[in-house]
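Peer 1: Just passing along the structure, written as C-alpha cells.
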Amino acid sequence: MPEVTEAFAAFAARTRLEDIPPALVRQTKLILLDLIGCTLVGGSVDKGRIAVEFARSLGAASEATIPGVAARTSAAGAAFANGELMNALDWDPIPHTLPCVVPAVLAVAERERATGAALLVGLALAQEISVRLAEALPRDLEAAPHGYGSCIFGGAAGAGHVLKLSAGQMANAFGFAGFAAPVPAMTRFEGGAAIPMTKYIPAGWVAQGSVTAALLAALGYTGDPRILDEPQAFWRFFAGDEARWKPERLVEGLGTVWRTAAPWYKPYPCEILIGMAVNRLYQLMRENGLAPDEIEGMEFKSLPLLANGCHTSTNVVSHVEAQFSVPYALAVAALGFEPGPAWQAAGTLSDPGVKRMMERVAVGVHPDAEAWAKGQGSGSAYGVIPCSLVVTARGRRFDADPDEEPGMTEDEIIAKFAKNAAAVLPPAKAAAAQAAILGLEGLADVSTLMDDLRP
C-alpha cells in the first residue's frame with residue numbers, strides 16, 4: 001500500500017513548471033486573474049471589510065498585500081483576508097477550494113519575493129492535491145458530512161513549494177495542516193435557513209492555516225508525517241468512508257496525470273446553480289422583449305437543495321443571504337441591476353422594487369431531479385442539472401429552453417477582471433496587473449505584481 005503523505009510530499013517538493021501541462025498553466029493564470037478581481041471588489045461588503053480589519057489587527061509585518069488595500073500586512077494575515085475577500089460576494093469560481101488555497105500560495109510567494117514561475121507551480125500543486133483528496137472524501141451534493149477543509153493540504157503544499165521545503169519538511173507541514181483543518185460542516189450549511197458569513201467554509205481560515213503549516217515546517221516544527229496513512233488517519237476523522245478511501249487511487253499517475261479540471265467561472269455573484277435561473281431569465285427577457293413591469297410571476301424548478309429555506313427566502317437582509325436566495329437573484333436580474341457589487345449593496349437589499357419582485361418568484365423541485373441524483377449526483381462534477389424557468393407576463397407563459405452549464409469564455413473572464421480592477425485601481429496599475437498575471441511565468445518577482453494591486 002502506498003504511503004500517501006510521503007508521495008504527496010515528494011510530489012510537492014520536486015515539481016517544476018515544465019512538469020505542468022501548458023493548458024493547466026494557462027488555466028491557473030485565469031483563475032488567479034478572476035480571484036484577484038473578486039478580491040478587489042470583495043471589500044464592498046461586510047464579510048470582506050471585517051476580514052481586512054481582522055488582518056490588520058494581527059500585526060503590522062510588511063510581508064504581503066491585500067489587493068485594494070494600501071498597506072501590507074503579515075503573510076498569514078493577508079492569506080486570511082484574501083481568502084475571505086475572494087469569496088465575499090460568492091463570485092469566485094467553482095470549486096470553492098480555490099479561495100482556500102490560492103491566497104496561501106500568493107501570500108508566501110510575495111513574502112519570499114518568489115518568481116512568477118514558482119507561484120504558478122505552487123498554485124497548480126495546491127489545486128491538484130486538493131482535487132485528489134476531494135475524490136477520496138465525501139463531496140458536494142451528498143448526504144454524508146463533507147466540506148472544503150481538506151484542501152488545507154493543497155494550500156500547505158503550494159506554500160511549501162514556494163518556501164522550497166524538502167520532502168521531509170513538507171510531510172511535517174501536512175501533519176500540522178491535518179490537525180488544523182476545519183470540520184466538514186457543509187451539510188449544516190445546506191440545511192439551514194439563515195446563512196452566516198462562514199457559509200460553507202471560512203476560506204480565509206483555511207488559507208491562513210495553510211500558511212501557518214508551511215512556515216512552521218520551515219522553522220523545524222514537526223507534525224504527523226503519516227497524517228494521510230493508516231486506519232486512523234485524517235480521512236477517518238474527516239468523515240471519510242473506508243470503502244471510498246483508496247490510497248492507490250490518490251497517488252495513481254501523480255505527477256504525470258493531472259486531474260485538475262477547468263473550473264466554472266461565475267458571471268453573477270450568487271450560488272452557481274442560481275446562475276442557471278438568471279441565465280434563463282435574461283434569455284426570456286431578451287428574446288421576448290419583456291420589461292420588468294410586465295413580469296407577473298416567475299417559477300424556477302431545479303434540485304431539492306434549491307428549494308430549502310435559505311434558497312427560497314424573500315426576507316433577505318444581508319449580502320450573504322442575497323447570494324443564496326433564488327427570488328432575490330431573479331428580482332435584481334429582472335430589474336436590471338448590474339451583476340457585481342451592486343447586486344449586494346445595502347441600497348439594493350432595501351429597495352422596495354426588489355422586495356416586490358421577489359414576491360412574484362416561486363421555487364420548486366424539478367420532476368427530473370430524483371433521476372439526476374441517482375445517475376449523476378455523486379462526484380465532484382455536477383453534470384447537466386435539471387432546471388426550468390417559466391415567466392408569466394402579458395397574460396402568457398414564457399418557457400426557457402435548457403442551456404449549457406453556467407460559465408464564461410476567456411475573454412469574458414478577462415473583461416470581468418478589468419471591470420473589477422477599474423473600480424479600485426488606477427488604470428495604469430490595473431493594466432499592469434492584468435499583463436503580469438497573464439504573463440506570470442516571465443515575472444522575476446511576484447512582489448512587483450502585488451505592488452500594482454495596491455491603490
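Only the coordinates and a few stated rules stand behind these numbers; no lab work does. Since the structure is predicted, the reported quantities are computational estimates derived from the model, not experimental observations. In this analysis, Cβ positions are derived from the backbone assuming ideal geometry, glycine residues included, and neighbour counts consider all displayed protein chains.
Peer 1: Using only the alpha carbon atoms of the chain, find the Kirkwood hydrodynamic radius as the inverse mean reciprocal pair distance, in angstroms to one decimal. Don't skip to the answer; put the middle values down first.
Peer 2: On the way: mean 1/r = 0.0449 Å⁻¹.
Roughly 22.3 Å, rounded to one decimal.
Peer 1: Can you check what the net charge comes to around residue 86, using other residues whose Cβ is under 12 Å from the Cβ of residue 86 (Lys, Arg +1; Asp, Glu -1)?
Peer 2: Here the count lands on -2.
Peer 1: Still on this structure, I have one more. Given the peptides 47-58, 153-164, arrange them by the average over their residues of other C-beta atoms within 10 Å, most packed first. The partial results should precede the final answer.
Peer 2: On the way: 47-58: 18.7, 153-164: 30.3.
Top to bottom by mean Cβ count within 10 Å: 153-164, 47-58.
Peer 1: Right, another one. For a Förster distance of 30 Å, can you work out the FRET efficiency between the beta-carbons of residue 257 and residue 410, rounded to the nearest 0.05? Working shown, then result.
Peer 2: Numbers: r = 24 Å, r/R0 = 0.81.
For R0 = 30 Å, the calculated efficiency reads 0.80.
Peer 1: Still on this structure, please answer the following. Using only the alpha-carbon atoms, how far is helix 46-57 inclined from the longest principal axis of the chain? Give it as 0 to 90 degrees, nearest 10.
Peer 2: Between the helix axis and the principal axis of the chain, the angle is about 30 degrees.
Peer 1: Once you put a point 7 Å from the Cα of residue 264 and another 7 Å from the Cα of residue 14, both along the Cβ direction, what distance in nm separates them?
Peer 2: It works out to 3.7 nm between the two label points.
Peer 1: Under 8 Å for C-alpha pairs, at least 6 residues apart: give me the relative contact order for the stretch 4-251, rounded to a whole percent.
Peer 2: Values: 490 pairs, mean separation 60.0, N = 248.
About 24 percent, as a whole number.
Peer 1: Which of the lysines could a cross-linker span from residue 429 if the Cα-Cα distance has to be under 17 Å and same-chain partners fewer than 8 positions apart are dropped?
Peer 2: Result set, ordered by chain and number: 416, 419.
Peer 1: In the chain, if the dipole is taken from +1 on Lys/Arg beta carbons and -1 on Asp/Glu beta carbons about the Cα centre, which of 313, 233, 342 is farthest to the positive end?
Peer 2: The Cα lying farthest towards the positive end belongs to 342.
Peer 1: Residue by residue through the stretch 236-248, what is 3J(HN,Hα) from phi via Karplus (6.51 cos²θ - 1.76 cosθ + 1.60, θ = phi - 60°)? Round to whole Hz and write x for glycine and proline.
Peer 2: After applying 6.51 cos²θ - 1.76 cosθ + 1.60, I find 5, 7, 9, 6, x, 10, 4, 5, 8, 6, 10, x, 4 Hz.
Peer 1: Between residue 296 and residue 315, 0.36 nm times their residue separation minus their Cα-Cα distance comes to what?
Peer 2: Result: 4.9 nm gained on full extension.
Peer 1: So if R0 is 56 Å, what FRET efficiency would residue 164 and residue 374 give, r being the distance between their Cβ atoms, rounded to the nearest 0.05?
Peer 2: According to the calculation, E is roughly 0.75.
Peer 1: Still on this model: So who's got an amide H within less than 5 Å of the one on residue 361, skipping anything under 5 residues away but keeping other chains? H placed 1.01 Å off N, in plane.
Peer 2: 298
Peer 1: Starting at the first residue of the stretch 15-31, write each ³J(HN,Hα) from the Karplus equation 6.51 cos²θ - 1.76 cosθ + 1.60 with θ = phi - 60°, in whole Hz, x for Gly and Pro.
Peer 2: 5, 10, 4, 5, 7, 9, x, x, 5, 6, 4, 5, 4, 5, 5, 5, 4
Peer 1: Among DSSP bridges having both ends in the chain, what percentage is antiparallel? Round to the nearest 5.
Peer 2: 70
Peer 1: While we're here: What Kirkwood Rh does the stretch 272-399 have if only Cα atoms enter the pairwise 1/r average? Answer in Å. Before the final figure, lay out the partial values.
Peer 2: Working: mean 1/r = 0.0669 Å⁻¹.
Result for the stretch 272-399, one decimal place: 15.0 Å.
Peer 1: Relative contact order of the stretch 272-399: what whole-number percent is it, with Cα pairs under 8 angstrom and at least 6 residues apart?
Peer 2: In percent, rounded to a whole number, it is 38.
Peer 1: Using helices alone, what [θ] at 222 nm do you get for the chain, with -39,500 (n - 2.57) per DSSP H run of 4 or more residues, divided over all residues and rounded to the nearest 500?
Peer 2: Helix-only estimate at 222 nm: -15500 deg cm²/dmol.
Peer 1: May I ask you to derive the FRET efficiency for residue 346 and residue 248 from their Cβ-Cβ distance with R0 = 45 Å, giving the value to the nearest 0.05?
Peer 2: On the way: r = 52 Å, r/R0 = 1.16.
It comes out at approximately 0.30.
Peer 1: From the backbone phi of the stretch 413-425, what are the Karplus-calculated ³J(HN,Hα) couplings (6.51 cos²θ - 1.76 cosθ + 1.60, θ = phi - 60°) in whole Hz, Gly and Pro given as x?
Peer 2: 5, 5, 5, 4, 4, 4, 5, 5, 5, 5, 6, 10, 9
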